[in-house]
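Read through the structure below, which is laid out as C-alpha cells, and then see the notes.
The values are calculated or read from the model by the stated rules, or taken from the named source; none is laboratory data. Fair warning: this is a prediction, and the values are worked out from it, not measured in the lab. Neighbour counts run over all protein chains shown; Cβ positions are idealised from the backbone, glycine included. Note: accessible area is taken over every heavy atom of the protein model, side chains too, but ligands, DNA and RNA are not part of it. Shrake-Rupley method; radii C 1.70, N 1.55, O 1.52, S 1.80 Å.
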Amino acid sequence: MSGDGAPGPRFTKRLALLVLALLVAALAAGWAIQAFGARAALRQQQEQAAHEVAALLAAALGALRGDATAQERLARAQFARGGLRRLELDRADGSRRLDLARDDDVDGVPAWFADLVSPPGVWAVAPLGDVGDVGDVGDVGDVGDVGDGTGETGDAAGALRVQLQRGDAVRALWHAALMTVVLVALAVAVALWVLDRALRGWRRALDSAVTQARAIGQGRLVSAVEPAVPELRDVTRAMNTMVRQWRERLQAQADDVARLQRQAQTDAVTGLAMREPFVARLGGLLSDAHAPPGALLIVRVPRLGRLNEMHGREAVDRLLGAVADLLLTYVERVPGSCAGRLNGSDFALGLPAVGIVRESAESLRSALGAAPAARLAGAEFLFGGCDGLRGIAPGAALAAADAALADAEAGDGITVAAAPDAALGSGAGGARAWRERIAQALTQGQVRLVATAVVDARGTLVHLESALQVQLEPGGTYLEARRWLALAARGRLMPDVDLAAVDLALRAIAADGRARCVRVAPQSVADVAAASALQSRLEAAGADAGRLAIECSDSAGAVDRNALRQVAAGWRRAGVTVGVWHAGVSARTLPRLEEIGVDYVKVDASHLRGVADDDAVRGYVRSLVALLHGLGLRAYAAGVDDTRELAALWALGFDAAAGDAVAGPRE
C-alpha cells in the first residue's frame, strides 16, 4: 500500500507480477502437456516407421539368398541414403557382422529439447529368413512377424536392427515450440496491458473512495463520483448517502442554532438585534478595510413612558414595530447594512455608504408619519446621524451620533454630523501621503507584533494572537491597526501587510518556539501573487510553519470561498492550522466551512455576552458549540472580559479563549 492508504505502485507491481506468474505457469503447464503428448505420438510414429523400414530392408536382404557380401553392400547403400542413425546385421548365432552408425541429425535444436520430445534408442528388429523361406522381395506381406526388439528371431538366418534419425520431426516440433512461445509472450503482453488498464481504473476509483473516507474522517463532508467498478460503486453510493444525510442533519442543526441565536440576540418586540449584537456588527462594518466608509443613524422615540400611559403598551409596541419594520427594509435592500434596538427608545441603522444619512432620515420621518401604527398623539421622532465613518470604534461612532441626536432635539429633529478624525488620512498631505508612509514603514521593517494569549481550559497556551503595528516616524509611536489599516486597504497594501505579519510571526516562532496566529485579509487570499508568496514563505519555514495559525474572515462576500479553499489546502500541506474569525451573522453558513478545511472557528465576544446569566444566550452558545464540534471544528472565544462568563464558556465546551478574563498561559 502507498502512504495514503490507496494501492500504490508497489502493490500494483506485486499484483502484476502475481498475474504474470499465474499466466506463465498456466501457459507453461499447457505447453508441457502438449509436449509430452507430442513425445508419445512421435515415439509411436518413430516405432511404426522404424518397423516398416526394417521389414522392407530385411525382405530385400533376404532376397539375396545368403550372399553376405551382397547383403552388406545393400545395407551400406541403404544406410548411405540417410534417414537411418544406426544399422546392425547379426548372424544366426548372434554375432555382429555389420554395424553402421552416424551422429543424430538434430542441428539447430537444443539437446535437452530433442531428448524431451523424442528420446533416442527407438529400435526396430526384423529377422533375415533362410533361403527359400522368404519368397521374393516384393512379397512384403510374407515377412510376417518382424520381431519385438528382443533379438528372438526363431529359425531366421540372422537379424536386422535399425534406428531412425530424429532430426526432421524434432526440428518441426522445435519450430512449433518457438512459435508457441512467441504467441504465449504476445498473450501475456496483451493480458498485462488489459490488467494495467483495469488496475488504473480500479486505482482511480479506490483512490477516490479513500480520499472521500479520509475527508469524512477529518470532518469534511465530501461527495464522490460513483465509479464504474461495481463493488466500489456500491461503497461510494453508500458513503454519498451518508454524507447527504449528515449534511441535512447539520443544516437542520444550524437552523436550530440560528433560531436560538435570534431568540438570544433579537429584541422580542421589534425583531431587531439587541445592543450588543448590533454594536458587534457595526464594528465589523466600520473596521472592514476593503469596504467604503459607512454611516450611522440613531432614531429616538422620546417620552416613551408617557406614551405608554396615554395609549397603552400594545399601541406603543405597534409603534415601535413600525419603526423596526422601516429599518429592516433598509437591511433587506441595502447589502451590508445593519439595524438594532439600543435601548427602549433608541434604534440604530448602520449604512455601508456615505452621503445618504440625511436623505434616509427624512425618508424615515415621512414613512413614519404615514404609518397608521405610528400616528399616536404625542409621538415624536428624532434623528441623529454621523457620516463618513471608518477606522473608529463603534462606541465612538455611537457617541458622535448621540451628540448629533441631542442637537436634533434642540433643532428641527434631524441632525447629521461629520465623522470624528479617528483614522489617518485627514491631515496634511491626504491619504496618498499616508499610504506612502505606511508602505515605507513596511519596506524598512518599522513594524512589530503585539500578542494576546489564547489558552485552553487548563490554561495551556494554544497560540499567541498577533496584531501588526506600524511606526510611521523613526523613533515614533507604534500605531495599532485601526489607525492605519483602512488606508492600507485603500492603497492596496494588504498583501504587503499580511506578508510582513507572517514573516514576523515565523521569525518569532523560530526564536522561542511558541505558536503564533495572524489574520490574513481577503485581498491576500484573492491575490494570486500574494497567495503564492505566502505559500513560499510557509514552505521555506519548514517545521516552524507547523506552529503557525492563519485566520480569515467568514463574512459573506468578504472572501471567495473557492479561492480560500485552494489557499487553505496549501497552508495545511505546510502544516499551518487554519482558523476562521466568525462574526456570527448567520449560523447557517457554518456547515460550509468543512468544505474549506478549517480547523477552528473564533467566535466574537458580542455573541457570548450574558452566557453566565441568560438562559437564552446559554442555549444558543451550547448549540453553537455542538454544531462546531459536529463539523469537526474547534470552538474558540474571543474578547472574554468576565471571569464568570469564561467559566460558563468552559462548561459549555469551548476549546480555547482569549480576553481580559483569561489568566496568563501555563506552558
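Going through V559, V567, V528 one at a time, which residue ends up being within 22 Å of the chain's Cα centre (by Cα), among the β-branched types (V, I, T) and at pLDDT below 85?
V559
A224: closer than 30 Å to T241 by Cβ, surrounded by 12 or more Cβ atoms within 10 Å (Cβ to Cβ) and modelled with pLDDT of 75 or more, yes or no?
yes
Pick from region 113-142 the residues that are at pLDDT below 75 and not in a loop (DSSP other than H, G, I, E, B): which of them is surrounded by the fewest Cβ atoms within 10 Å (Cβ to Cβ)? Spell out the reasoning first.
Just the residues of region 113-142 that are at pLDDT below 75, to begin with: 113-122, 129-142.
Adding the requirement that they be not in a loop (DSSP other than H, G, I, E, B) leaves 113-117, 140-142.
Details: F113: 15, A114: 20, D115: 14, L116: 17, V117: 25, V140: 14, G141: 9, D142: 13.
Checking each candidate, the answer is G141.
Going by the conditions given, is A403 in a helix (DSSP H, G or I) and open to solvent by 30 Å² or more (accessible area, probe 1.4 Å)?
Details: in a helix (DSSP H, G or I): yes; open to solvent by 30 Å² or more (accessible area, probe 1.4 Å): yes.
Considered against the rule, which asks whether it is in a helix (DSSP H, G or I) and open to solvent by 30 Å² or more (accessible area, probe 1.4 Å), A403 comes out as yes.
So which residues in region 307-346 are over 21 Å from A399 (Cα atoms) and either of a type in the set (V, I, T) or open to solvent by less than 20 Å² (accessible area, probe 1.4 Å) (or both), if there are any at all?
L307, A315, V316, L319, L320, G321, A322, V323, A324, T329, V331, V334
State which residue is modelled with the lowest pLDDT when the search covers only region 227-251 and only residues that are buried (at least 16 other Cβ atoms within 10 Å of the Cβ) and assigned to a loop (DSSP other than H, G, I, E, B).
Looking at residues that are buried (at least 16 other Cβ atoms within 10 Å of the Cβ) and assigned to a loop (DSSP other than H, G, I, E, B), I get V229.
Which residues, taken from region 452-481, are surrounded by fewer than 16 Cβ atoms within 10 Å (Cβ to Cβ) and either within 18 Å of A505 (Cβ to Cβ) or aromatic (F, W, Y) (or both)?
Within region 452-481, Y478, E480 qualify.
Among the helices (runs of 4 or more DSSP H) lying completely within region 586-662, list those that include at least 1 residues that are of a type in the set (A, V, I, L, M), in contact (Cβ under 8 Å) with a residue 60 or more places away in the chain and touching a strand residue (DSSP E or B) at 6+ places or on another chain (Cβ under 8 Å).
In region 586-662, 615-630 are the helices (runs of 4 or more DSSP H) which contain 1 or more residues that are of a type in the set (A, V, I, L, M), in contact (Cβ under 8 Å) with a residue 60 or more places away in the chain and touching a strand residue (DSSP E or B) at 6+ places or on another chain (Cβ under 8 Å).
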